[in-house]
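The values are calculated or read from the model by the stated rules, or taken from the named source; none is laboratory data. If you're wondering where the values come from, they're calculated on a predicted model, not measured in any experiment. Here the Cβ is made from the backbone with ideal geometry for all residues, glycine too, and neighbour counts use every protein chain on show. Quick note on the areas: whole protein, heavy atoms, side chains included, nothing else; ligands and nucleic acids left out. Shrake-Rupley method; radii C 1.70, N 1.55, O 1.52, S 1.80 Å.
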Amino acid sequence: MKQKRVIKVDNERLNKLKTKESTACLDWVLKQPNINELQSTLQSMSLIELHIEIENVEMQGVCHVMCNNQMQLKFISIANGLLIYQETNCIVLSDCVIQKKKFHCHHNQLFLIVIQNHGGKLILIFSHPMSQKEWFKILKLSAKQIDFLKKYRIQDNICLNFYQISHKKKKKKYAAQIINRKNFKFYDQQEIVNNYIKILRNHNIQNVFPIISIFDDNDILYLLTDQFIGSSFEQLLSNQKTQLTQADLAFIIFSVLQNLRSLQDEDLFHGNINLDNIIIVNQSGQLGVYVINPIYKIYKQKSIDYYVHAVPDYLHAPEIKENQIPSVCSDIYQIGIILMLVSFYGMQQKLNNSFIQRILNNKETLISQQQVKFQKCQDSDFPYLFSACQLDLIKQMTEKDPNKRIQVQDALKHAWFINTKDKIKMQKQNFNRHLPSLKTIIEMVEQSDYDIKRKSLQTTGINFIHQMVSIQKYEFSPFAQQQPELSPLRKTSESLNEVIDEEHQISNLIDQLNNKQYIMLPSQFNHFNQTKNQLRLVQTENNLDQLHI
């Protein structure tokens, strides 16, 4: 699943705009009475001096800047979340608010981008509207904007503090996480939110939602991303109409581990892996996982009060209780506890504190009892506990000694994921093995309409249903509540009642029969898309069998 939004820069267009801005004559501006509207206050912006050469420049060009009543042409560029000014100084864009404005005077106008932080403001002046548009498009990926409610309309709640929103003019839909800083009780929370935004913007972090833009209005943050359908892990488990398969559960845990590995590669950690901070999403036909709300900050030894307060007691790794600083190793312990709770969870139970404490207090007994069952080739007593390998992974991730606890790299290579991946491959092979041959289809064409329908029903409805997962399991798919009411079984029945014209070409019949069999095939990973009033299965791109283990 694609995690990051990449804005393509048209270098040819930028070069043309650079030429136009370089040759623009703005002497007329100096004679205007409202010239103060264009004044930058660079002295108070606390520009940072650059002592290294910046690589991976995203965009570069020129603009005019007015300072001390003098209009000057300046070279600017954007790289790594910085606005580089004259190649010697820079501004951290995440600390700035940006706005688009216009400067009018008689028949002339200029196009402005105002960049403002707590110290002062820098006004980028352009003579061409396309220059303003192109620069603002890149700047808004790193800086903050204001006046969210003037541009967007908040609609339905997706889950937790995520909402569906729509652009008032363009009518395009997005999603946004809304964070109210007025509810902050601790000073550390502001630092943690700032770090969260930096993590979301880091292209190397996997399985976080891609930031489109950020609005900051009256202590309310709006983090905009692409539209998606989803629910938290806890909401998914609490829904009595859903049932996770082994492949679903392995995919979710694997995705969280991927996130932890990428955080570790950047010398970061999450800090609060819980059921609410794991979101399972369906975005444009792709199944994925977003890991949200990290509480990363630089904690000092024996000074982890905020962490201890923010994280539930049952997710405190043993080393945290000894005042060691949190790390990806303590994150591994947390995801191990989560996997254990899910594994011993029954669909009629409630995910409350009493359930959590009962599982934690009886951890060793539960694991031992289920290991005996697996040794006797019996099924477990719990719907989400699938194998002895799953129990082994739980034991290794919840090891009390952090030095003996499994590392994130080894966890990603654990036998449970490998075995689950192999099961998916075997199911796909079984499906392909039972597809009718071309010879069989041609023979079917020669039969009567009734025989064709009957044989199609036997081939697709009986054989496949007995050899693979029951078609009724679609009703318990994690995304069943988000799909059209029309079931694949009803759709197939309707298709079987259609009159097949014997004069149709064989190729058309082959396509039709293949479509029937594909629709009736149960799958643990596919989900439905309603396109042009036809029910189609769309293969999700982020499946476990496609992940590198």
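A few comments on the model shown:
- Other-chain or far-sequence residues with amide H under 5 Å of LEU287's (modelled H): GLU541, ASN542
- If the segment from GLN409 to GLU37 were pulled out straight at 0.36 nm per residue, it would be longer than the present Cα-Cα gap by 128.4 nm.
- Taking θ as phi - 60° and the Karplus parameters 6.51, -1.76 and 1.60, the scalar couplings of region 267-282 work out to 6, 10, 8, 8, x, 8, 7, 9, 5, 7, 8, 10, 10, 9, 10, 10 Hz in sequence order, x denoting glycine and proline.
- Mean-position separation - Cα centroids, region 191-216 and region 317-357, in angstrom: 25 Å
- Pairwise FRET efficiency - SER284 versus ILE220, Cβ, R0 = 25 Å, nearest 0.05: 0.35
- When peptides 274-281, 194-201 are sorted by average Cβ neighbour count within 10 Å, with the highest value leading, the order is 274-281, 194-201.
- Accessible area (Å², 1.4 Å probe, nearest 10) - GLU37: 110 Å²
- Heavy atoms of the protein chains alone define the surface here; on that basis region 89-242 has 46 Å² accessible area per residue at 1.4 Å probe size.
- A 1.4 Å probe, protein heavy atoms only, puts the accessible area of LEU160 near 60 Å².
- Projected label points at MET426 and MET130, each 7 Å from Cα along the beta carbon direction, are separated by 6.0 nanometres.
- Estimated at the nearest 10 Å², the accessible area of ARG261 is 70 Å² with a 1.4 Å probe.
- Residues whose amide H lies under 5 Å from that of ASN80, counting only those 5 or more places away or on a different chain, are GLU58; hydrogens are built 1.01 Å from N in the peptide plane.
- Long-range HN-HN contacts of VAL62 with modeled amide H, under 5 Å: ILE76
- Where labels lie 7 Å past Cα in the beta-carbon direction, separation of GLU191 and ILE48 in nm: 1.7 nm
- The distance separating the Cα centre of region 120-159 from that of region 376-413 comes to 47 Å.
- Of all accessible heavy-atom area on region 1-143, the percent that carbon and sulfur account for (1.4 Å): 46 percent
- Solvent-accessible surface of protein heavy atoms, probed at 1.4 angstrom with all chains present, puts LEU244, LEU149 in the order LEU149, LEU244, largest first.
- A Förster distance of 25 Å, applied to the separation of the beta-carbon atoms of LYS169 and GLU58, puts the FRET efficiency at 0.40.
- Working from label points 7 Å from Cα in the Cα-to-Cβ sense, the GLN371 to ASN157 distance is 4.3 nm.
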